[in-house]
Amino acid sequence: METMGMDEIIRLALERGFFFPSAEIYPKTPAGLWDYGHLGVLLKQKYIQAWIREIVRRDEMILVDGSQILPRDVFVASGHLESFADPVSSCLKCRSIHRVDRLIEEVAGVKVPERTPPEQITALIREHNVRCPSCGGELGEVSLFNMMFRLSVGASGDEAYLRPETCQNLFIDFPRIYKISRRKLPVGFAQVGKSFRNEISPRQSLTRLREFYQAEVEVFFNPAKANELEKFERFRDYPLRLYFDEELHITTCGEAVESRIVSSRLAAYYLALIQSFYLKLGIPEEKLRIRRLLEDEKAFYAVEAWDLEVLTSIGWMELVACNNRGDYDLSGHARVSRADMQVFEDGEKFTPHVFELSMGVDRSILALLDLGYRVENGRTVLKLHPALAPYTAAVFPLVDKPELVSKARELYESLRLDMDVFYDESGSIGRRYRRQDEIGTPFCITIDYQTLEDNTATIRDRDSMQQVRLPMHEIPSYLGGKTKL
RNA sequence: GCGGCCGUGGUCUAGCCUGGGUAUGACACGGGCCUGCCACGCCCGGAAUCGCGGGUUCAAAUCCCGCCGGCCGCACCA
C-alpha cells in the first residue's frame, strides 16, 4: 500500500474531471484559477454538507451568506486596505520587483514603520542610496501592492473590493443577526463562500488560489466569560494534538487550559470541535496536528493563532486557521461606521470578542484526495469516507443481457433522485468495479441471475472488495446507514 | 518577479541534440463480439493545426527570438 504523489492526484483529477485549470483553451489565463468538474462538485458539496452537519448544526450556529463585493470602508475598518498591502518597487534596469521596506531595513539598517506613505519610502531609498539587490540598478517609485482585487462599481465608479476573506460579512452583519437570532453569547455565525486574493505567485493547484472557497465560523463571546462554557465538558478529556516548541503535545482540553497553553475553555472547545471534524472525515490521527503560530507568522488581527495542519504527500498543509481576533474587527467597524457593535447581556454593555475557525475548502478537498488515493496490488482506489464520495453507489447488470439490464435500470431509477448514483453496463464487471474504485465510489450494486429469482442483489465494498447480498428493498436504508458521518 | 528545468491526442510519452514523407507507443475513451463477479480476449473507431506569436529555411515538433503557462528554488503569503 502506498500513497500516490501529488502529481498523480492532479493527473487523476484532470482525467476524471475533479478539477482542471479555468479557461484552459485560452493560453493567457492567469494562474491560480481552477474549475471543478462533476465529480469535484459532488465532493465539494458533500464536504460542505458534512461541515454544516458536524460544525454548524452540532454547535447550533447561525448561517449567513454575504455579498462578495464590499465597499471600501469595510476594508478601512478591517485594516486590509493598509495592512494587506506591501510597499514594492521595481528596478528600472532589470525590472525585478522588490519589497522595499524589508530592503531598506536590511541595507541601511533603518526600520520602516508600517503604514509609511509610499512617497516617504521613495525618499528613504534616495537618501540611503538603496539599489536593486539583483543587478545594482536604480529603483523606481514605490507603490503599494494590495492583495485585494479592486472594483469600480456602477456608473460613478465607486471604489469597492472583492472580499479577501469571507468573515467580514459576519462582522458587519453582526448587530442585525445577533438581534434577530434571540441568542445569548457565545454564538457562532457561519458562512461558506468565495474569497479572492491577488496572489503574487499561486502554486500547487488548489493549495493557493486567486479565487477560493472558505467555510468560516466566527464565534462571538464575552471575554469575561471565556472560561464559563457549559458545553466544554463534552471535550474536557478530549486529546488535542497540539504542536508548539517544535514538538507534538497530546494534551486534553482540560490540561491545555489549566496550563495556559490554550487561552480559554472556549478556544480549547473549538479547537477540539475542528479536530474531531477532520478525524471523522477520515484523516488519520498521526497526520493531523494543530500548530501554534509564531509571533511573526500571525495575521495582523490575531491575538492567538493556531493552524490545523494535515500531512500530505507534499508536506504539512494548512487547512484551518484558528484565530482569536479579540475585539479587533467589531471595534474597527464600530469606529469607522459609527454603528453600535456592542451587546447588552448580564447587566453590562460590551464589545464581544471573536474566535474564528477559517477553513480552506479547496485545500481540504485536495488533502482528502491526496490522503485517500492509493495503489494496492495494482488497484487504484480512492478511499474517501462514504459520506464524501462523489457517487454513493454504482449499479451494474452482471452482464449486458436485457433481463438484467432492465432490472438494474429499475433499481438505478429508484435511487437516483435521492442520492448520487452511477449506472454502467459496458465492459467486464471487473473493469466497472475498478473504474468506480478510482473515483471513490464506496458501493457497487450488481444485478445477477439470482436477482431475477429472489429479488436480491450483491453490494460490493470498495475497500474490502467483499460482497453482501441484500433484498432490493433494503438497499436504500443500507446505503443511508453507511453514509452517516 | 528572478534563476534552473519543462510544455506533443483525455492522460503519460517517443521523436528534438544531428531540420525532410499521412507525428511513436501505452493507457484512457466510444461501438461491436465475448463474458455467471474484480483492469480477460478479439475486432473496429474517434481523438494532437506538437503552448502562443514571429523569424531562419526549398522544408520546422525539431534551429533562433519574444510571450504565456507549469514544476522546483529564492522572495512573498491574511
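The values are calculated or read from the model by the stated rules, or taken from the named source; none is laboratory data. Please read all numbers here as calculations on a predicted model, not as lab measurements. Because the Cβ atoms are built from the backbone with ideal geometry, glycine has one as well, and the counts that use them run over all protein chains shown. These accessible areas exclude ligands, DNA and RNA; they are computed on the full protein's heavy atoms, side chains included. Shrake-Rupley method; radii C 1.70, N 1.55, O 1.52, S 1.80 Å.
Is it the case that A:F149 is under 30 Å from A:R58 (Cα atoms), touching a Leu at 6+ places or on another chain (Cβ under 6 Å) and surrounded by 13 or more Cβ atoms within 10 Å (Cβ to Cβ)? Here the answer is no, as A:F149 does not meet what is asked. Exactly one residue out of A:K383, A:K349, A:K401 is among the basic types (K, R) and near RNA strand B (Cβ under 10 Å from one of its atoms): that is A:K401. Being in contact (Cβ under 8 Å) with a residue 60 or more places away in the chain and open to solvent by less than 10 Å² (accessible area, probe 1.4 Å) narrows it down to one residue among A:L371, A:L366; which is it? That would be A:L366, the only listed residue that is in contact (Cβ under 8 Å) with a residue 60 or more places away in the chain and open to solvent by less than 10 Å² (accessible area, probe 1.4 Å). A residue that is away from RNA strand B (no atom under 16 Å from the Cβ) and either assigned to a helix (DSSP H, G or I) or open to solvent by 20 Å² or more (accessible area, probe 1.4 Å) (or both) can be found somewhere in segment A:28-41. Note on segment A:283-302: among residues that are at pLDDT below 85 and acidic (D, E), the one that is nearest to RNA strand B (Cβ to nearest atom) is A:E297. Reported count of residues in segment A:449-463, each being outside any loop (DSSP other than H, G, I, E, B), within 38 Å of the chain's Cα centre (by Cα) and more than 8 Å from RNA strand B (Cβ to nearest atom), is 1.
Of the numbered criteria (1) at pLDDT below 95; (2) within 10 Å of RNA strand B (Cβ to nearest atom); (3) open to solvent by less than 30 Å² (accessible area, probe 1.4 Å), the one A:A408 fails is (2).
Residue count for segment A:419-448, restricted to those that are part of a loop (DSSP other than H, G, I, E, B) and open to solvent by 30 Å² or more (accessible area, probe 1.4 Å): 6. For segment A:85-164, the strands (runs of 3 or more DSSP E) that sit wholly inside it and include 2 or more residues that are at pLDDT 75 or above are A:150-153, A:158-162. For residues in segment A:193-209 being open to solvent by 40 Å² or more (accessible area, probe 1.4 Å) and either near RNA strand B (Cβ under 10 Å from one of its atoms) or among the aliphatic types (A, V, I, L, M) (or both), which is nearest to A:D370 (Cα to Cα)? Checking each candidate, the answer is A:Q204. Look through segment A:210-226, keep the residues that are among the aliphatic types (A, V, I, L, M) and more than 14 Å from RNA strand B (Cβ to nearest atom), and return whichever of them is nearest to A:L366 (Cα to Cα). Applying the filter and picking the extreme gives A:V217.
Among the residues of segment A:297-345, the ones that are open to solvent by 40 Å² or more (accessible area, probe 1.4 Å), over 22 Å from A:Y269 (Cα atoms) and touching a helix residue (DSSP H, G or I) at 6+ places or on another chain (Cβ under 8 Å) come to 10 in all. Against the numbered list (1) open to solvent by less than 30 Å² (accessible area, probe 1.4 Å); (2) more than 10 Å from RNA strand B (Cβ to nearest atom); (3) more than 27 Å from A:F277 (Cα to Cα), A:W51 comes up short only at (3).
In segment A:464-484, of all residues being within 11 Å of RNA strand B (Cβ to nearest atom) and in contact with a strand residue (DSSP E or B) (Cβ under 9 Å, 6 or more places away or on another chain), the one that is least open to solvent (accessible area, probe 1.4 Å) corresponds to A:V468.
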